[in-house]
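The values are calculated or read from the model by the stated rules, or taken from the named source; none is laboratory data. Quantities reported herein were computed from a predicted structural model and do not represent experimental measurements. As a convention, Cβ positions derive from the backbone with ideal geometry for all residues, glycine included, and neighbour counts pool all protein chains shown. Note: areas computed on protein heavy atoms with side chains; ligands, DNA, RNA excluded. Shrake-Rupley method; radii C 1.70, N 1.55, O 1.52, S 1.80 Å.
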Number of protein chains: 2
Amino acid sequence: MPAPTLFRSITPSDLSPSDWHPFMVGAVAPRPVAFVSTVDEGRVNLSPYSFFNCFGSNPPILAFSPANRVRDNSQKHTLQNVREVPECVVHICDYAMVEQMSLASTEYAKGVNEFVKAGFTEVPSQRVRPPRVLEAPAAFECVVEQIIELGQNNGAGNLVLCRVVLAHFREDIILPSGIGIDPRKLDAVARLGGDWYSRSAQTLFEVPKPNRNLGIGFDQLPAHIRHSDVLTGNNLGRLANVEAHALPTSEEVAAYRQKPAVQAILQLGDAAQRQALMQLGKQLLESGQVLDAWKVLLLASPEA
Amino acid sequence: MPAPTLFRSITPSDLSPSDWHPFMVGAVAPRPVAFVSTVDEGRVNLSPYSFFNCFGSNPPILAFSPANRVRDNSQKHTLQNVREVPECVVHICDYAMVEQMSLASTEYAKGVNEFVKAGFTEVPSQRVRPPRVLEAPAAFECVVEQIIELGQNNGAGNLVLCRVVLAHFREDIILPSGIGIDPRKLDAVARLGGDWYSRSAQTLFEVPKPNRNLGIGFDQLPAHIRHSDVLTGNNLGRLANVEAHALPTSEEVAAYRQKPAVQAILQLGDAAQRQALMQLGKQLLESGQVLDAWKVLLLASPEA
């Protein structure tokens, strides 16, 4: 019997905001970064926000939150600006510009242009007044539709809901199909807790979406597969994503038994052969051969 | 003169929602994943949402969006449930559970419990009715405060604003200080476009936060540094983050000139020595020795 997993349970209001904050931003991570340009009457501001995401594609809505500072409850210039001029450009930053983007989060006095301080090239936008960062691989010109105050105290968020009116994507990050973005080319950075960032381009992996596929689920996995000590949760998840009608028939399993590699394993004798079949199934799974994995794993059944 | 960077500019409403969607979710990435459990009158649902983030820490607000399906404008069971019972548990998923989490996004019929289908352990929550996924390294029990419809058509978001009333963190992901989460231990997964996920634990890096530091900025960098063809934007960002009063004095620069490594470079003669000093400065910068980098780079000045 495995040892019980230990958890620490925290009621946020039991902690000071500055003690709670590192738990929340450490766990809700990695967070994409909105690098936001705004203007008041003529003066430009540029600042990064990691309380950010897209929330719907039709209409295309982005939201970010310039939260009141935990330190002293002061408000960001970005928030002041979008109240005055409800427009912004939301940029996505790649690894090549991360130190400059971080520099733009410096609390310079109001009116200091972070394009200048952080060394970015300011180009005019087409549909909104705030200018655009030429170096950003993707940029969304937005109209601010609504600002929702989430509280009044230090650490309170201010949700800025933006509708995208025009988007710009550097040609080299667009997928060869012409539709969508290649994450390997984008090389976007994301924020975690503390001073941590991550760079996703190097740790990408794919999980086929179930979409309208109705996989059999864990409850329909044969017991010797579900309770195997060879297969991981990820292995089982992939097996359980196969639809019932797509599972190999007993004829297909029997045919697979004749393969030389399987025949070699079947010489090993009871326990060893079952273990070897499970390992082979795991290898097949992890190389993406899900239906062959199913055949081998069914051959490892105690009733096979 | 470098070739101009080419961008494709897109007005979202000029594309079909299914053509626009891959641009938006491809660029706003990586996105953290909310793995959300809800209930209607007694039946449990569990489903992942990557239109998700935290938006303020005091009060602690998370928001996620079960958007209307782009395919047919149908709505998610999660959304129906939080309208009926305005509570949820938002879980953070690590790499070990990603295939099971993806399996839970299967569009099973209403009332099918994805805890069972995806093989998770259901434990009761303490402050809300929806149960918790024991396997998740972090979980937030939440009260749903507001649901904001962002549109009516296919692809329209439905912003669910949640206030955290109790949080659970697996002990082994908490930082040794006892305050906050260790991103190397959490190993959270995030979503990008297509079938892509990323795993942040392996590509972490740190950028010191400017906080109340007022770095000199790009505009105050000496020209031979700013326009160097050796230093990258990230190198310059790090240099420009140093405050004016912290820059090395001319005495400190002169003293650094006496170092044997620098003396060796100064034997090389004009152009070669300047290039070598710039390279040494870059190396120092990239090993975190920012002030020594400054000294070396000042020695590379045409006036030095």
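Values computed for the structure shown
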quantity	calculated
All strands (runs of 3 or more DSSP E) inside segment B:187-238 with 1 or more residues being more than 7 Å from chain A (Cβ to nearest Cβ)	B:189-191
Breaking point among (1) over 17 Å from the mean Cα position of the chain (by Cα); (2) modelled with pLDDT of 95 or more; (3) aliphatic (A, V, I, L, M), for A:Val70	(2)
Some residue of segment A:243-263 being among the hydroxyl-bearing types (Ser, Thr, Tyr) and at the interface with another protein chain (Cβ under 7 Å from one of its Cβ atoms)	no
So B:Val164, is it touching a Cys at 6+ places or on another chain (Cβ under 6 Å), in the same structural domain as B:Ser18 (by TED's automatic domain parsing) and either at pLDDT 95 or above or more than 26 Å from B:Arg71 (Cβ to Cβ) (or both)	yes
Residue list for segment B:241-259, restricted to those being assigned to a helix (DSSP H, G or I), touching a residue at least 12 places away in the same chain (Cβ under 8 Å) and of a type in the set (D, E, K, R)	B:Glu252, B:Arg257
Residue in segment A:31-42 that is surrounded by 23 or more Cβ atoms within 10 Å (Cβ to Cβ), hydroxyl-bearing (Ser, Thr, Tyr) and under 23 Å from the mean Cα position of the chain (by Cα) present	no
Lone qualifier among B:Val230, B:Val164, B:Val189, B:Val207 - being in contact with a helix residue (DSSP H, G or I) (Cβ under 6 Å, 6 or more places away or on another chain), under 30 Å from A:Arg184 (Cα atoms) and touching a residue at least 60 places away in the same chain (Cβ under 8 Å)	B:Val189
Members of segment A:123-144 found to be outside any loop (DSSP other than H, G, I, E, B) and over 24 Å from B:Ser57 (Cβ atoms), listed by number	A:Val123, A:Arg132, A:Val133, A:Ala138, A:Ala139, A:Phe140, A:Glu141, A:Cys142, A:Val143
Matching residues in segment A:100-119 - criterion: being touching a residue at least 24 places away in the same chain (Cβ under 8 Å) and open to solvent by 20 Å² or more (accessible area, probe 1.4 Å)	A:Ser105, A:Lys110, A:Gly111, A:Asn113
Looking only at segment B:152-165, and only at residues there that are open to solvent by 10 Å² or more (accessible area, probe 1.4 Å) and more than 8 Å from chain A (Cβ to nearest Cβ), the one that is nearest to A:Asn158 (Cα to Cα)	B:Arg163
Residues within segment B:166-186 that are over 18 Å from the mean Cα position of the chain (by Cα) and more than 7 Å from chain A (Cβ to nearest Cβ), tallied	5
Filter result for B:Leu285 (within 23 Å of A:Met97 (Cα to Cα), in contact with a Lys or Arg (Cβ under 6 Å, 6 or more places away or on another chain) and touching a residue at least 12 places away in the same chain (Cβ under 8 Å))	yes
Search result, residues across segment A:202-227 that are farther than 16 Å from B:Met101 by Cα and open to solvent by less than 20 Å² (accessible area, probe 1.4 Å)	A:Thr203, A:Leu221, A:Ile225
Residue that is farthest from A:Lys117 (Cα to Cα), among those in segment B:244-290 that are acidic (Asp, Glu) and loosely packed, with under 13 Cβ neighbours inside 10 Å	B:Asp270
Residues satisfying the stated conditions in segment B:1-46, i.e. within 7 Å of another protein chain (Cβ to nearest Cβ), of a type in the set (Val, Ile, Thr) and in contact (Cβ under 8 Å) with a residue 40 or more places away in the chain	B:Val25
Test: B:Arg238 is of a type outside the set (S, T, N, Q), outside the structural domain of B:Ala27 (by TED's automatic domain parsing), open to solvent by 60 Å² or more (accessible area, probe 1.4 Å) and in contact (Cβ under 8 Å) with a residue 12 or more places away in the chain	no
Residues (over 39 Å from the mean Cα position of the chain (by Cα) and under 10 Å from B:Leu299 (Cβ atoms)) located in segment B:260-282	B:Val262, B:Ile265, B:Leu266, B:Gln273
Residue list for segment B:120-149, restricted to those being touching a helix residue (DSSP H, G or I) at 6+ places or on another chain (Cβ under 8 Å) and open to solvent by 40 Å² or more (accessible area, probe 1.4 Å)	B:Thr121, B:Glu122, B:Glu135, B:Ile147
Filter result for B:Phe120 (outside any strand (DSSP E or B), over 21 Å from B:Arg83 (Cβ atoms) and aromatic (Phe, Trp, Tyr))	yes
Residue within segment B:44-51 that is in contact with a Lys or Arg (Cβ under 9 Å, 6 or more places away or on another chain), more than 30 Å from A:Asn68 (Cβ to Cβ) and among the polar types (S, T, N, Q) present	yes
So A:Val28, is it farther than 17 Å from A:Gln146 by Cα and open to solvent by less than 40 Å² (accessible area, probe 1.4 Å)	yes
Hey, B:Ile181 modelled with pLDDT of 95 or more and buried (at least 21 other Cβ atoms within 10 Å of the Cβ) or not	yes
